[in-house]
Amino acid sequence: MFHVTERLLLRPAWPEDAEAIFGGISDEGVVRNLASAPWPYRREDAESFVSRDHVAAYPRFLITQKSRLIGCIGIDQIGEQGDGSVELGYWIARPYWGRGYATEAARGMIDIARLIGHTRLSAGHFADNPASGRVLRKVGFRPTGQSARRHSCGGGEAAECVLFSLDLADQPQMPIAA
């Protein structure tokens, strides 16, 4: 599966992407805002990421523009409860911060989640990363009023994570780019 937005191509990761992924995410400033990426991030971690099986219900995409890796975005099942709860996660390489790529990719991912049949998405951001909170609000997520302690891989310890939710039935569907 691929998805085209105004400026971006969301596409699966391939083995030849490992080096670019390593270059984009092996930055402590990026990983410190992620709950699941290892730190320090090694080339072997990127190789493992690109060799993972693709699960249609929980897609992950590289965010690219003109063959340049901007970041990664995807949805994952939350925990083991199997109740269909899914969480949006993403990272953007530092040279591309502040250019609207996360917002644009998140809008595309919301459309994909709806097409797959998901009805609700969750997301969160570490309290010291308000930029991610702004992205989530721009694409329609609303704060739940709850927070949770999550491990910050780059930060090396548990940190406060502000939780958000999005009911996909309440969101207008964006036109699918050809």
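The values are calculated or read from the model by the stated rules, or taken from the named source; none is laboratory data. From a predicted model like this one, the values you see are computed outputs, not experimental measurements. Glycine gets a Cβ as well: all are built from the backbone with ideal geometry, and neighbour counts include every protein chain shown. Ligands, DNA and RNA are stripped out before the accessible areas are found, and what is left, the full protein with its side chains, is counted by its heavy atoms. Shrake-Rupley method; radii C 1.70, N 1.55, O 1.52, S 1.80 Å.
Going by what's in this entry, would VAL162 be described as among the β-branched types (Val, Ile, Thr), more than 17 Å from PHE2 (Cα to Cα), open to solvent by less than 80 Å² (accessible area, probe 1.4 Å) and at pLDDT below 95? Don't jump to the end; show me each part of the working.
Working: among the β-branched types (Val, Ile, Thr): yes; more than 17 Å from PHE2 (Cα to Cα): yes; open to solvent by less than 80 Å² (accessible area, probe 1.4 Å): yes; at pLDDT below 95: yes.
Yes, satisfied.
Just wondering, is there one or more residues in the stretch 137-152 that are open to solvent by less than 40 Å² (accessible area, probe 1.4 Å), closer than 28 Å to GLU6 by Cα and of a type in the set (S, T, N, Q)? First the steps, then the outcome.
Narrowing the stretch 137-152 to residues open to solvent by less than 40 Å² (accessible area, probe 1.4 Å): 139-141, 148, 152.
Among the residues that remain, those that are also closer than 28 Å to GLU6 by Cα are: 139-141.
Keeping just the survivors that are of a type in the set (S, T, N, Q) gives none.
No, the stretch 137-152 contains no residue that is open to solvent by less than 40 Å² (accessible area, probe 1.4 Å), closer than 28 Å to GLU6 by Cα and of a type in the set (S, T, N, Q).
Among the residues of the stretch 115-131, is there at least one that is polar (S, T, N, Q), outside any strand (DSSP E or B) and at pLDDT 90 or above?
yes
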So, of the residues in the stretch 59-76 that are farther than 24 Å from HIS118 by Cα and basic (Lys, Arg), which turns out to be most open to solvent (accessible area, probe 1.4 Å)?
LYS66
Answer yes if at least one residue in the stretch 116-123 is touching a residue at least 24 places away in the same chain (Cβ under 8 Å), surrounded by 18 or more Cβ atoms within 10 Å (Cβ to Cβ) and more than 14 Å from the chain's Cα centre (by Cα), and no otherwise.
yes
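Among the listed residues ALA106, ALA93, ALA56, ALA102, which satisfies the condition of being in contact with a strand residue (DSSP E or B) (Cβ under 9 Å, 6 or more places away or on another chain) and either in contact (Cβ under 8 Å) with a residue 60 or more places away in the chain or open to solvent by 90 Å² or more (accessible area, probe 1.4 Å) (or both)?
Step by step, each of ALA106, ALA93, ALA56, ALA102 is checked, and only ALA93 is in contact with a strand residue (DSSP E or B) (Cβ under 9 Å, 6 or more places away or on another chain) and either in contact (Cβ under 8 Å) with a residue 60 or more places away in the chain or open to solvent by 90 Å² or more (accessible area, probe 1.4 Å) (or both).
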Within the stretch 11-37, can you find the residues that are at pLDDT below 95, open to solvent by 20 Å² or more (accessible area, probe 1.4 Å) and in a helix (DSSP H, G or I)?
GLU28
Only unsatisfied item for MET1, checking (1) of a type in the set (A, V, I, L, M, F, W, C); (2) in contact with a Gly (Cβ under 9 Å, 6 or more places away or on another chain); (3) surrounded by fewer than 18 Cβ atoms within 10 Å (Cβ to Cβ), is (2)
For the list (1) open to solvent by 40 Å² or more (accessible area, probe 1.4 Å); (2) in contact with a Cys (Cβ under 9 Å, 6 or more places away or on another chain); (3) among the hydroxyl-bearing types (Ser, Thr, Tyr); (4) over 29 Å from ARG142 (Cα atoms), I need the number of the one condition that TYR41 fails.
(1)
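Evaluate the stretch 70-77: report whether one residue or more is modelled with pLDDT under 95 and out of contact with any Cys (no Cβ under 8 Å at 6 or more places or on another chain).
Initial filter on the stretch 70-77 (modelled with pLDDT under 95): 76-77.
This time we only want the ones that are out of contact with any Cys (no Cβ under 8 Å at 6 or more places or on another chain), so: 76-77.
Yes, there is a match, as at least one residue in the stretch 70-77 is modelled with pLDDT under 95 and out of contact with any Cys (no Cβ under 8 Å at 6 or more places or on another chain).
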